[in-house]
Amino acid sequence: MTAEVPGGGADGAPRRLVSYVLPVYNEEAGIREFHARLVAATRARPDLDFRFVYVNDGSRDGSLAVLRELAASCPEVRVVDLSRNFGHQMAITAGYDQAPGDAVIVMDTDLQDPPEVSLELIAAWEAGAQIVYAQRRSRRDTLTKRLTAHAYYRLLRRFADIDIPVDTGDFRLTDRTTTDLLRSHRERNRFVRGLVASLGFEQVAVPFNRDERVTGQTNYPLTKMLRLAADGVTSFSTVPLKLITRLGLVTVVIALLGIVYALGVRLFLPEISVPGWTLLMIVVLFLGGVQMLSLGVIGSYVGRIYTEVQARPLYVVQEVIGRDHGDEPARG
Ligand code: UDP
Ligand code: MG
C-alpha cells in the first residue's frame, strides 16, 4: 500500500509508508517531547512516508487534549481514542487495526524505547526481514522491575510451548503481511509478543539500551505484570494442566500405600484401637485439597473458554482523530 504523496520517489518508484503504533496511557507530561523526538528521528529518512497512530487507552490525565493538538499541527498524526482503559495489549491491537502502510512499528510513548532505534528496525526490514524485534541489551529500571522482568522472561521460556525471545517487549516492526496475520488473531487474553513469536517467519533482533522513563511512573505495577505473565503462560502452554495430572498420579500412589498400611495394621496388629483413623483423615483432607486445586486450574481454563465464546468486541473506538488519508487497512 502506498501513500498519495506528491512527486513520489526520485526515480518515480512508489514511496514506502511506515506507521507507528503508539499506545498512550497517562503520558500527558512526556508525550510532546516524545513526539518531537520521534519526528526528528524520522526526518533522517526523507525517502519514506510516516504515519503516527496514537492510541489513547482511556488516559485519566490530559493526554487526549495533547494528542488532539498534535493531530491538529501534524498531518501525519492519527489519534484513536478508546472509550476506556483496555490495557496495553489491547491498545496495541487497536493500533494495528488502524495502522496503514508497508511496515508497522510498535513503540512505548514514555521514551523508554528510543525513537532513533526504530530506524534500525526499518533498516533490518529493508534488508529483507519481515519481523524485527528490539532486544534490550540493558535496562535502566528500578531493581524490582528488573528482577521481576528477568524472572518473567525465564519463566516464559521454560513454560511456554513457543520460543519467546528473552528480553524483548512490544517494541517491534512487522511488515504488512505479518501485521495482517497478527490482526487475524482475535483471542481476548492477548499476549502480543507471544503471538508474534508463534507466527514464525524470519525474526531478526536489533539490540538496544532501554532508557529510563522520562516522566510519570510505570503503568505496569506488579499485579498487572503477574496478570500478563499468567496470560503468557496459559495462552501458550498447558503445563499447569499437566502438573495437575502429575499431582493426581502421585496422590493415587500415596493413597494406595495408605490403603496397604491400613490393611496391614488391621490384619496383623488388631490390638491397636481404631486403626487407621488418623491416616484416613489425612487421606480425605489431602484428596479434598488436591481436588480443590484441580478445580481451580480447570476453572481458569473454563473461564477462558467462556470469555472466548462471548465473542465481544475486543475494544471500542470512540473516535478516530486526524486527516483521512484514504489509507485505512480493510476491516479485520
Ligand atoms: N500503556 C497503555 N495502557 C495501559 C498501560 C500502559 O497503553 O494500560 C502504554 C504506556 O502509555 C506506554 C506503554 O504502554 O506507552 C508501556 O507502559 P509502561 O511504560 O507503563 O510499561 P513499562 O515500560 O514500565 O513496562
Ligand atoms: Mg515504560
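Here's how it looks for F50: its modeled amide H is under 5 Å from those of V18, which are all 5 or more places away or on a different chain.
Annotation: amide H-H contacts under 5 Å for V206 (H modelled 1.01 Å from N, sequence separation of 5 or more, or interchain): Y133, A134, Q135. Going from the fewest other Cβ atoms within 10 Å to the most, the residues L181, L287 appear in the order L287, L181.
The C-alpha atoms of the chain define a longest principal axis, and helix 88-98 lies at about 40 degrees to it. Which of rounded, prolate, oblate describes segment 238-310, given a ≥ b ≥ c as roots of the alpha-carbon gyration tensor eigenvalues and a/c under 1.5 marking rounded, otherwise prolate only if a/b is larger than b/c? Prolate, since a/c reaches 1.5 and a/b exceeds b/c. The ranking of F159, F268, F286, F171 by Cβ neighbour count inside 10 Å, starting from the fewest, reads F268, F286, F159, F171. Centre-to-centre, using Cα atoms only, segment 179-236 and segment 70-96 are separated by 17 Å. Looking at segment 301-331, the trypsin sites (Lys or Arg not before Pro) that sit in a DSSP loop and have at most 13 other Cβ atoms within 10 Å of their own Cβ are R323, R331. Exposure proxy shown here: for E76, E33, the number of other Cβ atoms within 10 Å sets the order, fewest to most, as E33, E76. Across segment 166-174, computed HN-Hα scalar couplings (Karplus, 6.51 cos²θ - 1.76 cosθ + 1.60, θ = phi - 60°) run 5, 6, 10, x, 9, 8, 7, 10, 10 Hz from first to last residue, x flagging Gly and Pro. Comparing D167, D113, D61 in a Gaussian network model of the chain where C-alpha atoms under 10 Å apart are linked, the largest mean-square fluctuation is found at D61.
Note on the chain: GNM, Cα springs under 10 Å; of V253, V21, V80, the largest mean-square fluctuation is that of V253.
Most fluctuating residue of Y301, Y153, Y54 in a GNM of the chain with Cα springs under 10 Å: which is it? Among Y301, Y153, Y54, the largest GNM mean-square fluctuation belongs to Y301. For the chain, relative contact order (Cα pairs under 8 Å, six or more residues apart, normalised by length) works out to 23 percent. Residues of segment 279-299 with backbone nitrogen within less than 20 Å of a virtual label 7 Å along the Cα-to-Cβ line of V252, please, listed as ranges. Those under the cut-off are 283-298.
Could you grab the relative contact order for segment 188-314? Cα pairs under 8 Å, six or more apart, rounded to a whole percent. Worked out over segment 188-314, it gives 35 percent. Shape of segment 43-156 from the C-alpha gyration tensor: oblate (a/c of 1.5 or more and a/b not above b/c, with a ≥ b ≥ c the square roots of its eigenvalues). Couplings 3J(HN,Hα) for segment 185-199, derived from phi with the Karplus relation 6.51 cos²θ - 1.76 cosθ + 1.60 (θ = phi - 60°), are 8, 10, 5, 9, 8, 8, 9, 4, 5, x, 4, 4, 4, 6, 5 Hz, where x marks Gly and Pro.
In a simple Cβ point-charge model (Lys, Arg +1; Asp, Glu -1; nothing else charged), the chain has a dipole of about 1220 debye relative to its Cα centre. Applied to segment 128-137, the Karplus parametrisation 6.51 cos²θ - 1.76 cosθ + 1.60 on θ = phi - 60° returns per-residue 3J(HN,Hα) values of x, 6, 9, 10, 10, 10, 8, 10, 6, 7 Hz, with x for Gly and Pro. Summing +1 for each Lys or Arg and -1 for each Asp or Glu among the other residues whose beta-carbon sits under 9 angstrom from that of P114 gives -1.
Helical runs assigned H by DSSP (4 residues or longer) give the chain a calculated mean residue ellipticity at 222 nm of -15500 deg cm²/dmol, each run adding -39500 (n - 2.57) before division by the residue total.
Computed from the coordinates by the stated procedures, all read-outs in this text should not be read as laboratory data. The structure presented is a predicted model; accordingly, all values stated were derived computationally and were not measured. Counting neighbours? That spans all protein chains shown, and the Cβs are built from the backbone with ideal geometry, glycine included.
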